[in-house]
Amino acid sequence: MANLFGYFSNDIGIDLGTANTLVYVKDKGIVLREPSVVALDTVTRKVRAVGDEAKRMLGRTPGNITAIRPMKDGVIADFDVTEAMLRYFIQKASQSFRAPPRVVIAIPSGITAVEKRAVMDSATHAGARKVITIPEPMAAAIGVGLPIDEPAANMIVDIGGGTTEIAIISLNGIVFSKSIRVAGDELDAAVINYMKRAYNLLIGERTAEEIKMRIGSAYPLDEELSMEVKGRDSIAGLPKTIHITSQEVREALSDTVAAVVDAVRTTLERCPPELSADLVDRGFVMAGGGSLLRGIDRLLSDKTGLPVTVADDPLSAVANGTGAVLNDLSWLMQNA
Ligand code: ADP
Ligand code: MG
């Protein structure tokens, strides 16, 4: 019964992603899922909108408003804005709480000690009673159900918006991890460049992302796809529509995809031999929105010779991982 009054529900887990922030409330599950975007007044620097509302403004703002992604490259571009964003999400998720929440935050593994401190301070200012951080790949591995407490290699590849995080975990610890600033955003940028080069067509980030999601791929498709794209002709200056195929988009994405493949291979080369041996059978699991790019699992499997699985709900893996550790905060304090 106590639950009805919220006594038990005041711990939350946050996936502070470069593209999306998710909040998990203990005993409830994921209650919030919004883009990590903040719209600011350019003159007063006052926050005008956060999350979904702010993302709709990206690329469409008048001169007095600017929409920014404070975590864009997996590093904190602007501490004040990150804090405002965290405060908004924490307060939104904990409205009905009777006591300030304890907060577990998953942060990119490439973040510096200063940035980590800043995230923790921000969460405290935002009303958290206690703040604990967990490296994002660790949360992802827990979230997808890997047995990370075993003395065996558990490998996770998390392709997000700003960063790809690769980690090998054994006995509750990260044996090796690598974070590169090549992920979904770079794929979008590759589409923008291709459209400009091949068709003199200027498109925005949101259109590029839509193309990537609708017809993008990393491996030849059984049935190739196509779509119409609207943008502005860079020479005539007027709106224009063109037709593109999935083969073209795959070609446009190929260099960026190759950089991810390279990072995975480098990680495998650094893996201690006993753990490499484990990976031959266990393979690795993919998480993050980027793992939804068609055929990326197949390509990675081809290039590494390992079995590759995409998590059931890759966009929620990290948040679910933070949720899982909420039930055992003592574990987290010892291990993460
Ligand atoms: P982060 O953890 O960095 O916030 P997410 O795991 O939320 O990132 O993933 C966001 C990225 O996943 C974005 O770049 C988005 O374009 C990409 N993404 C989401 N769905 C798809 C899809 N179906 N195909 C390809 N990319 C996708
Ligand atoms: Mg993520």
Within the range 116-145, residues within 16 Å of ligand 2 (Cβ to nearest atom) and either under 15 Å from the mean Cα position of the chain (by Cα) or free of Cβ contacts under 8 Å to residues at least 12 places away in the same chain (or both) come out as Ile134, Pro135, Glu136, Pro137, Met138, Ala139, Ala140, Ala141, Gly143, Val144
Conditions (1) closer than 21 Å to Asp185 by Cβ; (2) of a type in the set (Val, Ile, Thr); (3) assigned to a strand (DSSP E or B); (4) over 18 Å from the mean Cα position of the chain (by Cα): number failed by Thr61: (3)
May I ask you to list the residues in the range 89-123 that are assigned to a helix (DSSP H, G or I) and charged (D, E, K, R)? Lys92, Glu115, Lys116, Arg117, Asp121
Filter result for the condition that a residue is within 24 Å of Ala54 (Cβ to Cβ), in contact with an Asp or Glu (Cβ under 6 Å, 6 or more places away or on another chain) and of a type outside the set (D, E, K, R), over Ala140, Ala106, Ala77: Ala106
Could you list, in sequence order, the residues of the range 156-177 that are within 16 Å of ligand 1 (Cβ to nearest atom) and of a type outside the set (S, T, N, Q)? Ile156, Val157, Asp158, Ile159, Gly160, Gly161, Gly162, Glu165, Ile166, Ala167
For the range 74-86, does any single residue satisfy the condition of being on the phi < 0 side of the Ramachandran plot, aromatic (Phe, Trp, Tyr) and in a loop (DSSP other than H, G, I, E, B)? no
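Residues checked against (1) more than 28 Å from Asp11 (Cα to Cα); (2) in a helix (DSSP H, G or I); (3) of a type in the set (S, T, N, Q):
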position: Met138; (1), (2), (3): no, yes, no
position: Glu150; (1), (2), (3): no, no, no
position: Ile156; (1), (2), (3): no, no, no
position: Val182; (1), (2), (3): yes, no, no
position: Glu186; (1), (2), (3): yes, yes, no
Being aliphatic (A, V, I, L, M) and within 14 Å of ligand 1 (Cβ to nearest atom) is the filter; apply it to the range 99-133 and report the residue that is modelled with the lowest pLDDT. Ile111
Mind checking which strands (runs of 3 or more DSSP E) fall wholly inside the range 222-336 and carry at least 2 residues that are under 22 Å from the mean Cα position of the chain (by Cα) and within 16 Å of ligand 2 (Cβ to nearest atom)? 284-287
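The values are calculated or read from the model by the stated rules, or taken from the named source; none is laboratory data. Owing to the predicted nature of the structure, the values given are computational and were not obtained by experimental measurement. Using ideal geometry, Cβ is built from the backbone for each residue, glycine included, and neighbour counts are taken over all protein chains shown.
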